[in-house]
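K.L.:
Dumping the structure here so I can ask a few things about it.
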Amino acid sequence: MDVKEVERLIKISREHPLMPENYIPWRLEPEPDDIFLPETLTSLQGLDIYKTLSPTQKLELGRHELVQVIASYAWGECLFCVFMTRHLITLPADNVEHQFLIRELIEEFRHQEMFAQAIAKLGGKPIKQSRLHKFFGEFSNKYLPADYLFMGSVSVELVTDIYGNYVRKAPNIYPVLKKMFDLHNIEESRHILFTKALLKTYAAKAGFIKRTLYSYVILFNILFVRTMYVKKEIYERIGLENPDQAYKLATKNFKQKFANNCLKYIIEFVDEWKGFNLLTRFAWRWVLSAKV
Ligand SMILES: [Fe+2]
Ligand SMILES: [Fe+2]
């Protein structure tokens, strides 16, 4: 990894910190026309059922789903902080990677606080992770080697980055959310640069088997992000008559939309180090509907 480049990233982080306290206009309340999640990212848009929703139901769907997205980010980032802290102990304090990870930890903790504040501001009630999510999240965090965890983290960052871009560019998005995603995007792009550089060396050394395993770790991380989001309970909250049916339809609908809208960067990244092969390509197509 290029030490000079990492030092440059550390310098920006130290000299230009973005503090959620003043960067985000917390005092602004949503205007009547403001939305919380662009329609194309909601799980029901594209289905016939969506056309039957009232404007209030559509707005509420976006609010609940956005809260779920932020809560999932916060949880995922918290897990990653646990890993980074453990990894930090293995590195000498004068090591540039050590210094960068400290900056990343500081920023990630600020993000978690910012996400929690946004949830409170939206009056959100995040739904807890399923037992399966919890188990895999905690298990992989504890037992997977560092390179696999960095692979997982960069994949989530690349997917959520696209996500943030949709929200930031939506014309009538609630300004608090726009600024929150702006801040996150700026700081996460530094994390992505660092992690990608770090992983270049791992991926360059990796043979067929390791590249296959990396590819699967990434695939499961993305599946994880996608499925933390579509929830039956949300359809109950917005008063749908048949939430079970809506859940079934939305799962299928969102799988396709997610594949069309959110996988571009991650596919490019995996392709860079030949992560698509005989053993992985079919799984990407099958599980994620990815065009690979
Ligand atoms: Fe973050
Ligand atoms: Fe990050």
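Throughout, read-outs are computed from the coordinates displayed, never taken from laboratory work. Everything numeric in this text was worked out from a predicted model, so none of it was measured. Because the Cβ atoms are built from the backbone with ideal geometry, glycine has one as well, and the counts that use them run over all protein chains shown.
K.L.:
Take the alpha carbon gyration tensor of segment 151-287, find the square roots of its eigenvalues, order them as a ≥ b ≥ c, and report rounded if a/c is under 1.5; if not, report prolate when a/b exceeds b/c, else oblate. Intermediate results must be reported in sequence, preceding the final value.
P.N.:
Numbers: a/c = 2.89, a/b = 1.37, b/c = 2.11.
The shape class here is oblate.
K.L.:
Name the most mobile residue of LYS134, LYS257, LYS231, meaning the one with the largest mean-square fluctuation, in a Gaussian network model of the chain with Cα contacts below 10 Å.
P.N.:
Maximum fluctuation in the GNM of the chain, among the listed residues, is at LYS134.
K.L.:
Continuing with this model, one more query. Could you sort out which of LYS128/LYS210; LYS210/LYS252; LYS125/LYS248; LYS142/LYS232; LYS142/LYS210; LYS142/LYS264 sit more than 25 Å apart by Cα distance in this structure? Mind showing how you got there, number by number?
P.N.:
Numbers: LYS128/LYS210 33 Å; LYS210/LYS252 31 Å; LYS125/LYS248 22 Å; LYS142/LYS232 30 Å; LYS142/LYS210 19 Å; LYS142/LYS264 29 Å.
From LYS128/LYS210; LYS210/LYS252; LYS125/LYS248; LYS142/LYS232; LYS142/LYS210; LYS142/LYS264, over 25 Å: LYS128/LYS210; LYS210/LYS252; LYS142/LYS232; LYS142/LYS264.
K.L.:
Please report the net charge: other residues with Cβ closer than 14 Å to the Cβ of HIS133, K and R +1, D and E -1. If you can, show how the numbers build up before the last one.
P.N.:
Values: positive: LYS128, ARG131, LYS134, ARG226, LYS231; negative: GLU138.
Residues close to HIS133 contribute a combined charge of +4.
K.L.:
Okay, moving on. Where a ≥ b ≥ c are the square roots of the eigenvalues of the C-alpha gyration tensor, would you call the chain rounded, which needs a/c under 1.5, or, failing that, prolate if a/b is larger than b/c, or oblate?
P.N.:
Oblate shape, in that a/c is at least 1.5 and b/c is the bigger or equal ratio.
K.L.:
Please list, in chain and number order, the residues 5+ apart from ILE35 or on another chain whose amide H is under 5 Å from its amide H, with Hs placed from the backbone.
P.N.:
Amide H to amide H, under 5 Å and 5 or more residues apart or across chains, ILE35 pairs with ILE173, TYR174.
K.L.:
If you take the square roots of the eigenvalues of the alpha-carbon gyration tensor of segment 187-240 and sort them as a ≥ b ≥ c, do you get rounded (a/c under 1.5), prolate (a/b over b/c) or oblate? Each step should come with its number before you reach the end.
P.N.:
Numbers: a/c = 9.04, a/b = 2.10, b/c = 4.30.
Note, shape of segment 187-240 comes out oblate.
K.L.:
Further question on the same structure: Kindly express, to the nearest 10 degrees and within the range 0 to 90, the angle between helix 131-143's C-alpha long axis and the longest C-alpha principal axis of the chain.
P.N.:
Helix 131-143 sits at roughly 10 degrees to that axis.
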